[in-house]
Structures are given as C-alpha cells and as structure tokens.
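Contents: one structure, followed by commentary.
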Amino acid sequence: MTTLMKGTFAGLLILAGAAAIITQAAWREDQQTDDLNSALLPVPGRSQHRVSMSALAHEEPFLRQGAARPRQAPASAPRVSNIWSFLPQPDSFRADALLDLRKLNEPIAGQSGFIGLSPDKNGFVRGDGVPVRFWAVNFTFRDFSLKDVAHAARFLAKRGVNLVRLGGALESHAKNAKLTDADPGTIDQAWRLVAAMKKEGIYTTISPYWSDELKRVPASWGIEGWPQDQSPVGLLFFNPRLQEGYKAWLKAWLTPPNPHTGIPLAKDPALAIIQIQNEDSLLFWTEQSIKGKQLELLGKQFGDWTKAKYGTLQAALNHWDGGGLPEDDPARGVLGIHIVWQFTQPRSGGFKKRLDDQLQFFAETMYRFNAEIARYLREDLGCKQLINAGNWKTVDSIRLNDVERWSYTANEVLAVNGYYSPVHLGPDRGWRINKGDRFENASVLFNPRVLPLSLKQVVGFPMIVTETHWVPPLGYQSEAPFLAAAYQSLTGVDAAFWNGTYEIEWSNRDRAEWDSASRAKWSIATPMMLGQFPAAALLFRRGDLTSGHPAVVEHRSLEQLWGRVPPIIAEDPSYDPNRDLGDTARRLQLAGGVDPLAFLVGPVQVVYGSDPAKTTVADLSRYIDREKKVVRSDTGQLAWDYGRGLCTLDAPMAQGVTGFLRPIGSIKLGDVKIRSENQYATVLVVSLDGTPLARSGRVLVQVGTRARPTGWADHAVTFTVDGGRETIHGREIDDTGTMPWIIDATRVTIEVRNASLTSATLLDLNGNARQGLPLRRAAGTIELELPKDAFYVVLGAG
C-alpha cells in the first residue's frame, strides 16, 4: 500500500471511529436541535443563567452512541459532516508556503545587539533601537537533540513566535552535592535552546530558580535548621548561605562558552531577559512555612533594620505602643515576625505600626536582594541582558500587590503570572484531566474582569506576563490569542508567554496512560491555542491596533504602600490549583474604587513614591455601559459585549470577532462582514502585506472553533465549590478521549470590501496552498464561504 493510500485509509478509520464515539447530541448545529428546544443547559459564561439547547448546541453532552464499542460504528451512525480530524503533516517548511511569519524575526536573534528599553522605558527595543513586541511561549524539553530543538524553533517562528522562556532548576541533583554545584543537564539545556532559537530570530528568557520545585534541601548545603524534605520558600531573599549557592549556579550557567555558539550566555544578545526567580515572595502564604532557625535569622535582620530606623529596639517597641511579640528578644537583637495573614486584616494602634514596619522591611529585603543580584550579574559576570526580579502574587491583591511590584522595580522589567482557569475539580487537577472530573465550561467573554492580561502597570517599566493560558478542560480557547493580541496592543503589555509547549510541533499523539497527550492540561501546542497564533501574533507584533490613552494613572506614596492603604483600582487575583487554597479565585470588593472594567478601556498605570494628588482617571462613562454590558476601548477599535459573549476588533489592517456568533447574525466591521452558523467561533482577517484591508493584495483569514479529543464525553452536572459557598452548573467528564483532536467544522461566510481581491486559497495546517476556493464578487466586495476544515485562507489580488 502506498504512503498516500495508507494516509487515506488511516483518515477513514479515524473518521469511522469518531462516528462511533461522538454522539448525535454532540457537535450538531441548529437544524439538528429542533427536537431539543425544551432542554436547558448553563450559559457558558455565567453559571446562574440558563438558555435553550438550540441556542447553545456546543454545550450538549458528549456521550457514547448507545452500546457501541469504541471504534465500532453503531447501527445508525451519526452524521459527522460537522466535524473534522486534526491530522497535520510534519512541517517541511516549504519555501512556497503562503503563510510563514519567519520573516518577522531578525535573521539571527541579537544580531543588532542586546534588547534594551524604549526611550520612555515602558517598552522594548532591539539593539539598533527599533521597537519590538514579543509573541512568546514557555518551551520545556529534556531529551530533545539540538536538531529537535532547531526544528521546534523553526516551527514556532513560522507561527509568529519571537521569544521563548526556559524555566530551569540550576541546583545540582547529584547525591551529596555541594551547595555551589550546578546541574550540568540544565546548563546544557539552556545552551541548546539559545543556540537553536537564535538561528530562527527567536530571543530567549531564562528563569533559573523556583523554590517550590526545589523539593529537597540537602543537609550538605548547610541551611541551618531547615528540613531536608521541604522547599526553601522565601529563603533566597534573606539567607546569605543560599544566596552564595545561587550566585555560584548563575556563574556556572552564564560564564562558560556555549559549545553550540562559542560564546557564553552572559555575552550572547540572543539571551534577552534574565528572570531572577519564579513564584516566590515574602508576601505570599508560603512565608508562613518559615520556621525555626531561619525564622530567627529573619527576625535578627528585622532587628537590625529596626535599629537603623529607630536607634534601638526598645525605641521601636515604645513606638509600637504595646505591639510586642513573645519572640522579641532585644538583648539578642531579635524581633518576632508576624505571619503574612496579619497583613490582610484591619489593625490599629501599635499593632498596625509594627505591621507597617514589618511590611516595609519585607519589601526592602526583597528589593535589596533583587538589586544585589543585578549588581552581581552586571559587575561580576558581565551580563548586559535586561533583568526581571520575579512574577508572583500576594496574600491580598488590594493591600499588598503594589508592595510586591515595587520590590521588582530594583530591576528593569516587571512581570506577573496569570491564567484564565475556571473551576476544575479532580484528584489530579493541578496537572491533568481525568474521567470523573467536574469543571465549569465558562468563556471569559462573559466575565471580562478575569482577563489575565488586565494589569496595573508601573510607569517606566515594561510589563510582561511570564505564564498565561486558557486552562483545560475549558472548551472555549480560540478566544485566547485574539483577546491577548487585542488587549496587549491596547494597554501596552509587552509580552505574554503562553504556557507552555513540550513538543517539537503539535501535542497530537497519545502517550502513556499517566501522561496522555489528550489530557495535557498545561499544553498550548493544540489546535485552538497554537493553531490560532499566526494572525494574532502578526497584528500584535506589527502594531496594527492603536495604543490607548491611560484610563487611570494612580500616584501612590510609599507610606501608603507600607500602611496597606487600598488603591483606587486593583487586579482581580488569578487562581493556581497548585498553589492557592479553595477552588476559585476571589473576586475583589474594592469599596469606592474605580470601575475595574477600566482595564478594557485603556492602560491602567501606577507611579510609586509620588504624590497621590496627581492621580487622574478618565471619564469612563463614555466607554463603559453597564446596562447594555458593553465596554469599548478609548481607541474605538475594540468592543467587548459581555452580555452576549462577544468581542470585536476593528482596525484598518486587522478586523475580526470572537465569541458566541450564531445568535448575532452578521457582524459588520469597517471592511469586513462576518456571518457564522457556528455557535462559538473566532475569526480574524489580517493584512499580510502591511497595507489596509481595503487595499491589501494579500489577506489572511484565520478561523478557530472548538476542539476535543476523539471520544471525549461529558454531561451536565451541578456541584458546589469552596465549601459549598458557590454552586456551579458545569460538566462532568465521562471519557477524556484519545488523539487526534476533533474540530468543530467551520460554518462561516465572510465579505471583504476590497475590489482588487480575485483569488482565495485554502491552506493546510502548515500554511501551504491546498486548493483554490470560489469567490463571489459584487459592487467592490468579495464574498467567500469558508470550507468546513478551514483554519487559514489567503485572499490574493491579480
């Protein structure tokens, strides 16, 4: 049997299997749901609302067909014309590909010099001063060869990526290793990554330390009194012994010549950003695990800090007016340490004065550590890369997030990690998806406050999101790259790293049962994430959308920070099932504050160490309509209808829509009209030649719908979370399925007002021409009905 015949036969078998597994109730469209009009299901965005089945075909349960066995067709097989199998061929990177964004990158990353700051220090420039935005991913690998990594680099560059981040564990894992020993495997991993990525014009960020992943602190390290089986959370900020080891690890990583490039990482401009550490803080709950000798060490440093401020410890205790602790030992110069929970509570008198001082001490301790590591990198190791301190959150977003972020201003770049992660309950929810798990299938389009890119940015510092994802088992993901590109463009967030990819190309194969690719909760190498990169990356990196005017500029004194005075606006806290208590993120209740939808109007900024009287707030009533549930950007290019679950993007070179389209009918934009029979879809129309869509000679149409593994099945269920405090109308998983992904067929028609366009070409999943498509032309407009398996279509002139 020839290769072609084998592929065709395999495809037929897969579709037959899909027919046996995916039910008539799942994936059907309107003409198939008339008999289900009386059924009720939860609205995908708000669990307390309910609508008819005909309005939400995609919320139907995924169930096996009768008694049919997997891969066995039932007596009356369901119609499968509204689905297709995601079976990409390996990318050979053909020179004649019609969609390849590699040329957006420099021929070699760093060829013009090190990445620097823009004149206003709010953004990035290349070494030659050209402004640059980054479309970024976290890339993790262990056993890939240099050839494998090089292939992955070309694959990512083709889809618009120009920055990757590697999270390493630099400490040695050898038995009886010395504290100063570094892990050679981690070092070689970074060498291979930087060497391969730079050849495709992709810069690298490295993050060498994560205390939570350092599960064991050997006694040989000499961290006095610290349990060997406990992560050293918080210790890096104040323990000089651990800091000595950390610096030795950095030296071993950054100073030897990279055997794949011939130059040390410290001297390589392809290494753009060094992140000092990942997800650690003295202001997070993990601070409360610091005990024994290490807590006493911290108390001694607090005593030294207090003597420097008040002259003597007794003077400080007098100032705190009865705010002493049993652990206070002025004779030894040691003060007790309040747990961080106390920062979340309203306090007064001497108790509050002491908490204010302890918070200032914690903040300055972290700031001082960040500044010292920057000095070490610059002066001792000769590094010229930009430096980011960290990316974590605090126990109280209102009272403490500004303090955490201030501590990062010791370095040039600020960062945060943030995910859109609706409820997921299950024994392994921190890392995988299982049969029997329950989840909330809720699009962010109905809940704009939890957009993870809505960030309060410090004036004079670039802001990056070093980890983000629309986390499965969520079924609404194609909206993610669209919204990220749109609102990063509006607000000035300079990079968001999608977390993450662990593949050379796609996550499209089954592995061992414990690590099945179909249940890869944290993978973005999937159809509705990585598959939706090209148009989104292009419009963001090229700057197709206008940056907004600041919606809020809050000026805050440092005394306000130490005193935990609430700001006028704050970010809603993100949720991490591996680190946070409970099942959901808390919603902020900031009495008298600025409308939190201001984050979708324009940049929300803050200035530290400034006069609060300088604070300005735009007239948000011009852009936020709470009654109609619509918020518009101050540029007029973005409109988010959170009542109907819809967001539109309308700029001269990029236009599109994401959300629940079928009830809307036609979406009319400046030069594009979109009609969709899909209940949920994302459509982006972007100029490929850098001219407005009305005149462009090459236009990309990109479509995303929904994807599930073959055989995925779930059903409606009601359950409670957070100890019964909230009821969720969600889903329960009956089967997590197998590979390949099955895609909801595209049912979209577009019109483009551009008389010069004469051709339409359907592309394969690697951006190569697949077949011509018929166009209808009338009155200076072309109309195209997209094929059911359309991901990418290129419109051409001449």
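The values are calculated or read from the model by the stated rules, or taken from the named source; none is laboratory data. Bear in mind the structure is a predicted one, so any value in this text is a computation, not a measurement. Glycine gets a Cβ as well: all are built from the backbone with ideal geometry, and neighbour counts include every protein chain shown. Surface accessibility is based on the protein's heavy atoms, side chains included, excluding ligands, DNA and RNA. Shrake-Rupley method; radii C 1.70, N 1.55, O 1.52, S 1.80 Å.
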Given a 1.4 Å probe and the protein chains all in place, what does the accessible area of R429 round to, in Å² to the nearest 10? 40 Å²
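Net charge near L762: determine it from the other residues with C-beta under 10 Å of the C-beta of L762, scoring Lys and Arg +1 and Asp and Glu -1.
Working: positive: R770; negative: D764, D789.
The answer is -1.
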Among the listed pairs K293/K521; K251/K456; K456/K614; K121/K384, which have their C-alpha atoms separated by more than 28 angstrom in this model? K293/K521; K251/K456
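Accessible area per residue for the range 395-445 in Å², computed with a 1.4 Å probe and the full protein assembly in place, what is it?
Values: 1250 Å² over 51 residues.
That works out to 25 Å² per residue.
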Accessible area of the range 329-368 divided out per residue, in Å², using a probe of 1.4 angstrom: 39 Å²
Roughly how big is the range 674-798's charge dipole about its Cα centre, with Cβ charges of +1 (Lys, Arg) and -1 (Asp, Glu), in debye to the nearest 20? 660 debye
Please report how far the C-alpha centroid of the range 617-635 lies from that of the range 505-579, rounded to the nearest whole angstrom. 23 Å
Using the alpha-carbon atoms, what tilt in degrees (0 to 90, nearest 10) does helix 349-375 show relative to the longest principal axis of the chain? 70 degrees
Antiparallel as a % of all DSSP beta bridges within the range 121-225, to the nearest 5? 25 percent
Can you give me the accessible area per residue for the range 480-569, using a 1.4 Å probe, in Å²? 25 Å²
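In what order, largest first, do K199, K251, K158, K352 sit by accessible area if the probe radius is 1.4 Å?
K199, K251, K352, K158
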Whichever aspartates and glutamates have a C-alpha closer than 15 Å to that of K178, once near sequence neighbours (fewer than 8 apart) are set aside: E224, E244
For the modelled label position 7 Å from the Cα of A778 along Cα-to-Cβ, which residues of the range 661-678 have backbone nitrogen atoms closer than 19 Å? 665-669, 671-677
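Can you give the % of DSSP beta bridges in the chain that are antiparallel, to the nearest 5?
On the way: 90 of 127 bridges.
Of those bridges, close to 70 percent are antiparallel.
Which peptide among 470-479, 159-168 comes first, and what is the full order, when sorted by highest mean count of other Cβ atoms within 10 Å?
Details: 470-479: 24.2, 159-168: 25.8.
In descending order of packing, they fall as 159-168, 470-479.
Would you mind working out the magnitude of the charge dipole of the chain relative to its Cα centre, with +1 at each Lys and Arg C-beta and -1 at each Asp and Glu C-beta, to the nearest 20 Debye?
Details: 88 positive and 86 negative charges, 218 e Å.
That gives the chain a dipole magnitude of about 1040 debye.
Evaluate the relative contact order of the range 77-161 (contact order divided by residue number), counting alpha-carbon pairs under 8 angstrom at least 6 apart; express in whole percent.
Numbers: 55 pairs, mean separation 24.6, N = 85.
Contact order relative to length: 29 percent.
Which value, in debye to the nearest 20, gives the size of the charge dipole of the range 127-262 about its Cα centre, when Lys and Arg are +1 and Asp and Glu are -1 at the Cβ? Please list the in-between numbers first.
Values: 17 positive and 13 negative charges, 101 e Å.
In total the dipole reaches around 480 debye.
For the range 196-247, calculate the relative contact order in percent as a whole number, restricting contacts to Cα pairs under 8 Å that are 6 or more residues apart.
Details: 39 pairs, mean separation 13.6, N = 52.
Dividing the mean separation by the residue count of the range 196-247 yields 26 percent.
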The range 397-465 to the range 84-126: how many Å between their Cα centroids? 26 Å
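Top to bottom by accessible area (1.4 Å), largest first, where do D91, D128, D329 land?
Values: D91 5, D128 80, D329 45 Å².
Ranked list, largest accessible area first: D128, D329, D91.
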If the reach is capped at under 17 angstrom between alpha carbons, list the lysines near K353, excluding any in the same chain fewer than eight residues apart. K307, K309
Between W431 and A716, what is the label-point separation in nm under the 7 Å Cα-to-beta-carbon projection? 3.6 nm
For the chain, which whole percent of the accessible surface, found with a 1.4 angstrom probe, sits on carbon and sulfur atoms? 53 percent
Mean separation of Cα contacts under 8 Å (6+ apart) over length of the chain, as relative contact order %: 13 percent
Taking the Cα centre of each part, how many Å lie between the range 675-708 and the range 261-333? 51 Å
